[in-house]
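One structure is given here, and the rest of the page talks about it.
The values are calculated or read from the model by the stated rules, or taken from the named source; none is laboratory data. None of these values were measured; they are calculated from a predicted model. All Cβ positions, even for glycine, are placed from backbone atoms using ideal geometry, and neighbour counts span all protein chains on display. These area figures cover heavy atoms from the full protein model, side chains too; ligands, DNA and RNA do not enter into them. Shrake-Rupley method; radii C 1.70, N 1.55, O 1.52, S 1.80 Å.
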Amino acid sequence: MENLLRVMRTLRGPDGCPWDRRQTHASLRPYLLEEAAEAVEALGSDDPHEAVDELGDVLLQIAFHAVIAEEAGSYGYPEIEAAVVAKLIRRHPHVFGSTEVADEAEVVRNWETIKAAERVSPRDPVASLPRALPTLMRIAELDRLLAWEVDESVAGASLNDLGNSHEQLGQALLTLVQLARRAGIEPEMALRDAAAARQQEEDRSP
């Protein structure tokens with residue numbers, strides 16, 4: 001990591017790259033979203049070289065923000081690393097402490113309880129959801145936080161029943177996300193993988 005930070009400091013230095021020197025936390029936000037999305041795609045492929053390349057681009061974004069903050073004197077990479085290490089230890093008391101858990105579900109419940117207790121002041125859990133989350137991920141999180149009821153009439157409906165109604169199709173999509181989450185399936189990844197598989201089939205077609 002030090003090699004990457006050293007390169008970033010050079011790029012941001014007086015004799016560095018004009019584009020890199022001009023960037024701010026705000027200007028880099030779209031790139032972080034883009035690189036994270038590309039890393040997700042790469043991890044769904046069977047190409048390790050692509051995964052390494054895209055994960056490196058995500059790491060670059062972390063280094064970029066760390067150096068910008070370092071220049072402002074607000075924080076740096078050591079603080080970022082220390083914070084995430086402390087968080088991992090704190091949220092895994094069954095590994096680093098004496099807490100006993102029966103199964104993975106209890107691990108998740110403990111994680112959420114510890115996470116809620118870490119907040120300095122009470123916050124609306126819905127308001128704390130990042131607005132930049134992909135829609136399917138955001139809906140799944142809303143469903144988890146708010147424990148929405150599943151519309152059974154939509155869950156058992158056919159495409160003919162739904163017709164071309166904007167509201168009915170929207171409710172059907174919402175219900176599919178709810179059903180996926182309850183089945184332990186990440187809807188965003190499921191849709192991405194299905195689209196990728198369809199594209200591969202078309203690419204193989206004569």
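In this entry, Ile89 is excluded by the filter for residues that are β-branched (Val, Ile, Thr) and surrounded by 15 or more Cβ atoms within 10 Å (Cβ to Cβ). Looking at the structure I just gave you, is Ile68 open to solvent by less than 30 Å² (accessible area, probe 1.4 Å) and of a type in the set (Val, Ile, Thr)? Yes. Of all the listed residues (Asp46, Asp15, Asp20), the sole one being at pLDDT below 95, over 18 Å from the mean Cα position of the chain (by Cα) and either exposed (fewer than 15 other Cβ atoms within 10 Å of the Cβ) or not in a loop (DSSP other than H, G, I, E, B) (or both) is Asp46.
Does Asp143 meet the test of being among the charged types (D, E, K, R) and closer than 25 Å to Ala105 by Cα? Taking the combined requirement at face value, the residue satisfies it.
Cβ-Cβ contacts under 9 Å between residues 6 or more apart (or on different chains), taken from a first residue in the stretch 128-157 that is under 12 Å from Leu179 (Cβ atoms) to a second residue that is hydroxyl-bearing (Ser, Thr, Tyr) and open to solvent by less than 40 Å² (accessible area, probe 1.4 Å), are listed as Val150/Thr175; Asp151/Thr175; Glu152/Thr175; Val154/Thr175; Ala155/Thr175.
Candidates in the stretch 49-63 are the residues that are more than 14 Å from the chain's Cα centre (by Cα) and β-branched (Val, Ile, Thr); of these, the one that is surrounded by the fewest Cβ atoms within 10 Å (Cβ to Cβ) is Val52.
Candidates Glu167, Glu141: the one that is farther than 23 Å from Ala37 by Cα and open to solvent by 40 Å² or more (accessible area, probe 1.4 Å) is Glu167.
For Leu4, the conditions (1) at pLDDT below 95; (2) under 25 Å from Ala82 (Cα atoms) are fulfilled apart from (1).
Across the stretch 100-114, the number of residues qualifying as surrounded by 13 or more Cβ atoms within 10 Å (Cβ to Cβ), more than 21 Å from Ala183 (Cβ to Cβ) and of a type outside the set (A, V, I, L, M) comes to 1.
If we scan the stretch 94-114, do we find a residue that is free of Cβ contacts under 8 Å to residues at least 40 places away in the same chain, closer than 23 Å to Leu129 by Cβ and of a type in the set (Lys, Arg)? There is at least one residue in the stretch 94-114 that is free of Cβ contacts under 8 Å to residues at least 40 places away in the same chain, closer than 23 Å to Leu129 by Cβ and of a type in the set (Lys, Arg).
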